[in-house]
Amino acid sequence: MKSLIALLIVTFVLALSSCVYAEDNAYTVKGGIYYSQQWGLYIANVIEKDGKLLNVVIDRLANGKSSKELHDSYGIKKVSTLGKEWWEQVAYYESWVVGHGLDSVSGATVEGALETDEKGHAVNPDLLSGATINVAELSYAVKNAIDGKTSDGGYTMKTGKAFSQVWGLYIANVIFKDGKIVKVLLDRISKTGEDSKEKYDNYGIKPHSSIKKDWWEQVAYYEDWILEHGIDAVKYDSKGHAENVDLISGATIGIDDMTLAVQDALKH
């Protein structure tokens with residue numbers, strides 16, 4: 001009887017492990033970069049699940065700072081004809097690409113494909129209604145992600161992932177210049193395809209946080225911490241929370257899966 005129970009337990013654990021492994025492998029993450037002398041380094045991830053496009057996520061690195069992490073302090077909302085910040089217009093563009101498919105920005109001749117003018121602004125009325133920024137350069141980054149181009153303008157990038165059955169897919173982009181890591185950017189895609197960073201203060205943990213920071217703010221703190229200390233310096237407990245005192249001071253969320261995603265990026 002004991003042998004039978006032991007066998008059933010082992011079978012259950014193996015089945016559960018296979019389920020997690022299968023779900024992890026259902027995701028494909030492609031990364032690409034495009035360097036603009038005027039605007040900086042664009043970073044794009046194309047995320048697919050079971051071979052179908054799930055999300056497209058874009059950021060930009062200018063003067064060492066993430067344009068998305070500047071959030072509403074980026075400063076174009078007050079002069080935008082749409083009344084939208086940079087991150088909001090990028091999020092609209094991302095959704096537009098998901099809705100129209102990768103062929104719409106890959107250069108393929110398809111109905112409704114992205115068209116831009118000489119300044120890189122969209123010609124498509126539906127895209128222009130939500131994004132008046134330069135979308136040509138966003139598209140170059142997406143094309144490069146599709147093609148796997150991870151070097152441009154003296155920069156290179158490595159992309160890694162980690163899957164959590166509870167939280168979804170963690171993505172890490174580690175950016176190098178002259179062989180040195182200059183930025184780490186992390187995000188998480190929920191099982192339904194939502195981008196956690198783009199929720200900003202609507203994510204909802206700030207009111208309950210002991211450090212009064214929402215998810216994206218704590219992730220940004222973690223990114224800066226590992227840039228300074230290195231990924232090998234990260235220590236966390238059995239619940240995935242940091243043990244490093246200075247790291248806990250800015251990130252009380254689980255950092256285990258983020259750490260695994262960065263480590264995965266550095267393997268490649």
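The values are calculated or read from the model by the stated rules, or taken from the named source; none is laboratory data. Everything quoted here is computed from the prediction, not taken from an experiment. Methodologically, a virtual Cβ is constructed for each residue, glycine included, from the backbone with ideal geometry; neighbour enumeration extends over all protein chains shown. Please note that ligands, DNA and RNA were not included when accessible areas were found on the heavy atoms of the full protein model with its side chains. Shrake-Rupley method; radii C 1.70, N 1.55, O 1.52, S 1.80 Å.
General observations
- Mean-square fluctuations from a GNM of the chain, with a 10 angstrom spring cutoff on Cα atoms, peak among ALA62, ALA44, ALA145 at ALA62.
- Coil-residue GluC sites (Glu not before Pro) of region 220-250, DSSP, other Cβ within 10 Å capped at 13: GLU243
- Between ASP103, ASP126, ASP152, the Gaussian network model of the chain with springs among Cα atoms under 10 angstrom shows the greatest mean-square fluctuation at ASP126.
- Accessible surface, 1.4 Å probe, highest first, among residues VAL57, VAL245: VAL245, VAL57
- GluC sites (Glu not before Pro) within region 76-130: DSSP coil, no more than 15 neighbouring Cβ in 10 Å: GLU111, GLU115, GLU118
- Length gained on full extension, SER190 to ASP117: 22.8 nm, using 0.36 nm per residue less the C-alpha separation.
- Among the helices of the chain, those built from whole DSSP H runs whose Cα atoms reach 24 Å or more along their own axis and whose mean Kyte-Doolittle hydropathy is at least 0.0 are 2-25.
- Residues ILE76 and LEU266, FRET efficiency given R0 of 41 Å [Cβ-Cβ distance, rounded to 0.05]: 0.75
- Cα-Cα over 25 Å, subset of LYS65/LYS197; LYS68/LYS206; LYS143/LYS183; LYS119/LYS180; LYS161/LYS235; LYS52/LYS183: LYS119/LYS180; LYS52/LYS183
- The alpha carbon gyration tensor of the chain gives principal lengths a ≥ b ≥ c with a/c of 1.5 or higher and a/b greater than b/c, which makes the shape prolate.
- Computed over the chain with a Gaussian network model linking Cα atoms closer than 10 Å, the most mobile of ALA113, ALA172, ALA251 is ALA113.
- In loop segments of region 145-231 as defined by DSSP, the trypsin sites (Lys or Arg not before Pro) with at most 14 further C-beta atoms inside 10 Å of their C-beta are LYS212.
- A simple spin-label model places the labels of LYS65 and GLN165 4.2 nm from each other, with each point 7 Å out along Cα-to-Cβ.
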